[in-house]
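Input: a single structure, listed below in structure tokens.
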Amino acid sequence: MIAVFAAVVASLSLTLQPADAPKAPPASEGAKPDTAPAAAQPAAPGAEKPAESKPVTLPSGVVIEDLKVGTGDEVKGLTSVVANYKGMLKDGTVFDSTEGKPPASFPLWGVIKGWREGVPGMKVGGKRRLTIPAAMAYGEREIKNGDKVIIPANSDLIFEIDLVATMLIEDVKEGDGPACQPMATVKAEYRGTRRSDGVEFDSSARAGQAVTFSLNEVIKGWTWGLPGMKVGGTRKLVIPWQLAYGEAGRGEKIPPKADLVFEITLKGVENPPKK
């Protein structure tokens, strides 16, 4: 059996971590913008001017500006993404950036509310600016790097985000049992194929039974793609290579930079104890 169970531990950037502790929602959940665009707002110092859309303000106060509209897969609901980004205070001070680093990858249900609301609707290849009010970021909390305060309390934030990839999640059949939580141990049947040509590279049917494993022992696409799924349901994950086996691939059946498709039926779940 191909090792879907290659351990990958997620590590979020300091300033993308949530101020609260959200539960993983169903993939269908996501924020929708107001239909009426907001009045144009001045760009922050050093920020690029809007190029392809007018600002749109969500009910929460998050302002969305598409600097470039992508043409690839669309972020739908609170899925997982791969992105480059720059985070700034309103005066243009940069407090976090992926510049000079590999793109960051994370589930949207695990980051600040402004990202949870502002990133869905982006398409791969696009660039979006989010202006996030303090209440949708860190509120009265200070964010420090060592002893240095990098985000003062009650700070509105600006992020410029380049979307590199997104995972697609489809609930083929909604389950009626307990919902899977992050870091759960699950029992599942699955079939894995290559997105490029549909060739099957792995299946639990080969073992003749469902497989049991912890979500902290698998590829990121599974770790972040199963929470929110209910026992008895079947979910389809289209996983970009960055959340699967990366640049190297795995063996002869999974080539380098291979996007993968999994159809997963959840047979059982053992959620971690509530804190």
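The values are calculated or read from the model by the stated rules, or taken from the named source; none is laboratory data. Being a predicted model, the structure only gives us computed values, none of them experimental. We place every Cβ from the backbone using ideal geometry, glycine too, and count neighbours over all the protein chains shown.
Tell me which of these K275 doesn't satisfy, since it passes every other one: (1) outside the structural domain of P178 (by TED's automatic domain parsing); (2) within 13 Å of L168 (Cα to Cα).
Status for K275: all satisfied but (2).
From the list K275, K236, K267, K253, exactly one residue is free of Cβ contacts under 8 Å to residues at least 60 places away in the same chain and surrounded by fewer than 20 Cβ atoms within 10 Å (Cβ to Cβ). Which is it?
Details: K236 fails: free of Cβ contacts under 8 Å to residues at least 60 places away in the same chain; K267 fails: free of Cβ contacts under 8 Å to residues at least 60 places away in the same chain; K253 fails: free of Cβ contacts under 8 Å to residues at least 60 places away in the same chain.
Step by step, each of K275, K236, K267, K253 is checked, and only K275 is free of Cβ contacts under 8 Å to residues at least 60 places away in the same chain and surrounded by fewer than 20 Cβ atoms within 10 Å (Cβ to Cβ).
Filter the strands (runs of 3 or more DSSP E) completely within segment 174-275 down to those with at least 1 residues that are under 21 Å from the mean Cα position of the chain (by Cα).
185-194, 211-214, 234-239, 260-270
Since N145 meets every condition but one in (1) farther than 30 Å from D202 by Cα; (2) surrounded by fewer than 18 Cβ atoms within 10 Å (Cβ to Cβ); (3) touching a strand residue (DSSP E or B) at 6+ places or on another chain (Cβ under 7 Å), which condition does it not meet?
N145 satisfies all of (1) farther than 30 Å from D202 by Cα; (2) surrounded by fewer than 18 Cβ atoms within 10 Å (Cβ to Cβ); (3) touching a strand residue (DSSP E or B) at 6+ places or on another chain (Cβ under 7 Å) except (3).
Based on what the data block shows, is T71 polar (S, T, N, Q), assigned to a loop (DSSP other than H, G, I, E, B) and at pLDDT 60 or above?
Yes; evaluated as a whole, the condition is true for this residue.
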